[in-house]
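Below is one structure, written out as structure tokens, with a few remarks after it.
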Amino acid sequence: MAAPAANLRINGERLWDSLMEMAQIGPGIAGGNNRQTLTDDDAKGRALFAEWCKAAGMAMGVDTMGTMFATRAGTDADALPVYMGSHLDTQPTGGKYDGVLGVLGALEVVRSMNDAGIKTKHPIVVTNWTNEEGTRFAPAMLASGVFAGMHSQDYAYSRKDAEGKSFGDELARIGWVGDEVVGARKMHAMIELHIEQGPILEAEGRDVGVVTHGQGLWWLQITLTGKDAHTGSTPMAMRVNAGLGMARITERVHQIAMSHQPGAVGAVGHANVYPNSRNVIPGKAVFTVDIRTPDQGKLDAMKAEVTRAAHAVAAELGLGIEIEDVGHFDPVTFDAGLVSVVREAAERLGYSHMDIISGAGHDACWINRVAPTVMIMCPCVDGLSHNEAEEISPEWAAAGTDVMFHTVLDVAGVVA
Ligand SMILES: [Zn+2]
């Protein structure tokens, strides 16, 4: 089958109008959105999306996790569908594009196919994954995680929000418990368009990011125990300072990440000292080390080095130490064939592009375990995300969606 014509584009204005209309639902307090999962506003957003899918001639299916699957038929009833999608739920102080661009961009691809009278061999499915953000019900990427077999549905249903309401009860309350068994769908491929949520594409002046990998990560919570003592009257030689231990380990984490360049990062982002008083030497410090890299070998090495360094610092200062694993994702390698298709699409369309690694978790990272998957990234201003000030340009949104358009046509097979 021939490649799609280079002048074939989505309707950027219609895409932008839909993004702005969705952003009216669950507005934030500073120009962004608060459309958290399984709230009344989430239900309103779902209803609007469902109405748009119906108007575009698609049939809606919903699974028992509330994930929405809108299908545009293909010419071969036996061919597995090509999926596009992301999430419509937002952070409590979220932006208008995180997730939403991937869902409404996918819808725009179908609308553009309708406009051009394009038929494909494989059916096309536009998906809205439930609870990607994980703020209201931890963990993040919950429905795609159940779909990929990472969690059981019982576990998902039992997750509780801050008010003690359960995921299962809230899903039923907003009326989006579907009848499809989660994970029963088989996929020919899955494509997720998402804003970068980082500063690289904008800084490099590129229109599109071709995502080759997703970061693997470890979160290690370290507890150091020393002795609370007066900062004025305790001689230096007699101190057992947990705060000093934390500072040294923080420095070592930075050095370890630097020694594994390129692509490795590490920091202590969360830290507490006790009793946290200005004239008491901290007797206890609790902090979390976050290390990430797309390379499994480097990730294993960094974890071992951080653990070794932390024990050495504790021994040196006479501190008690406990290290607990509190989070872990394996690195993700997206499908090499699909990555090439995305790169070729950007090339054909004349968009500047670069290979990039996803620093954040996405639904695509879980789906990659059960189907060939790829991501396309759109730049965002100052790398700002999970923030109401999150911003992208209409041109960037259109460029990423054009690339998804060409990718899906290539993968789904245009029928002449
Ligand atoms: Zn997102």
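The table that follows gives values for the structure above.
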{"quantity": "Candidate set from region 298-324 (those that are in a strand (DSSP E or B) and touching a helix residue (DSSP H, G or I) at 6+ places or on another chain (Cβ under 9 Å)); member that is nearest to Thr212 (Cα to Cα)", "calculated": "Ile323"}
{"quantity": "Residue list for region 331-383, filter: small (Gly, Ala, Ser), open to solvent by 10 Å² or more (accessible area, probe 1.4 Å) and within 16 Å of the ligand (Cβ to nearest atom)", "calculated": "Gly359, Ala360, Gly361, Gly383"}
{"quantity": "Residue among Val211, Val265, Val289 that alone is on the phi < 0 side of the Ramachandran plot and touching a Leu at 6+ places or on another chain (Cβ under 7 Å)", "calculated": "Val289"}
{"quantity": "Residue check, Val110 assigned to a loop (DSSP other than H, G, I, E, B), modelled with pLDDT of 95 or more, away from the ligand (no atom under 16 Å from the Cβ) and open to solvent by less than 40 Å² (accessible area, probe 1.4 Å)", "calculated": "no"}
{"quantity": "Pairs where the first residue, in region 194-220, is away from the ligand (no atom under 16 Å from the Cβ) and the second is polar (S, T, N, Q) and in a loop (DSSP other than H, G, I, E, B), C-beta under 8 Å, 6+ apart", "calculated": "Gly205/Ser352; Arg206/Ser352; Asp207/Ser352; Val208/Ser352"}
{"quantity": "Residue pairs meeting the criteria (Cβ under 6 Å; at least 6 apart or on separate chains; first more than 16 Å from Ala364 (Cβ to Cβ), in region 74-92; second more than 16 Å from the ligand (Cβ to nearest atom) and of a type in the set (D, E, K, R))", "calculated": "Gly74/Lys121; Thr75/Lys119; Thr75/Lys121; Asp76/Lys121; Ala79/Lys121; Leu80/Lys186"}
{"quantity": "Spans of strands (runs of 3 or more DSSP E) in region 141-227 with at least 1 residues surrounded by fewer than 23 Cβ atoms within 10 Å (Cβ to Cβ)", "calculated": "208-214, 216-225"}
{"quantity": "Verdict on Lys96 being open to solvent by 10 Å² or more (accessible area, probe 1.4 Å), among the basic types (Lys, Arg) and out of contact with any helix residue (DSSP H, G or I) (no Cβ under 6 Å at 6 or more places or on another chain)", "calculated": "no"}
{"quantity": "Subset of region 384-396 (residues that are open to solvent by 20 Å² or more (accessible area, probe 1.4 Å) and either part of a loop (DSSP other than H, G, I, E, B) or touching a helix residue (DSSP H, G or I) at 6+ places or on another chain (Cβ under 6 Å) (or both))", "calculated": "Leu384, Ser385, His386, Asn387, Ala389, Glu391, Ser393, Pro394"}
{"quantity": "Scan of region 113-140 for residues that are among the hydroxyl-bearing types (Ser, Thr, Tyr) and open to solvent by less than 20 Å² (accessible area, probe 1.4 Å), ordered by number", "calculated": "Thr120, Thr127, Thr130"}
{"quantity": "Qualifying residue in region 67-87 (condition: of a type in the set (S, T, N, Q), in a loop (DSSP other than H, G, I, E, B) and either over 21 Å from Glu196 (Cα atoms) or open to solvent by less than 10 Å² (accessible area, probe 1.4 Å) (or both))", "calculated": "yes"}
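The values are calculated or read from the model by the stated rules, or taken from the named source; none is laboratory data. None of the values given here were measured: they were computed from a predicted structure. Please note: Cβ atoms are built from the backbone with ideal geometry, for glycine as well, and neighbour counts cover all protein chains shown. What goes into the accessible areas is simple: the full protein's heavy atoms, side chains included, and nothing from ligands, DNA or RNA. Shrake-Rupley method; radii C 1.70, N 1.55, O 1.52, S 1.80 Å.
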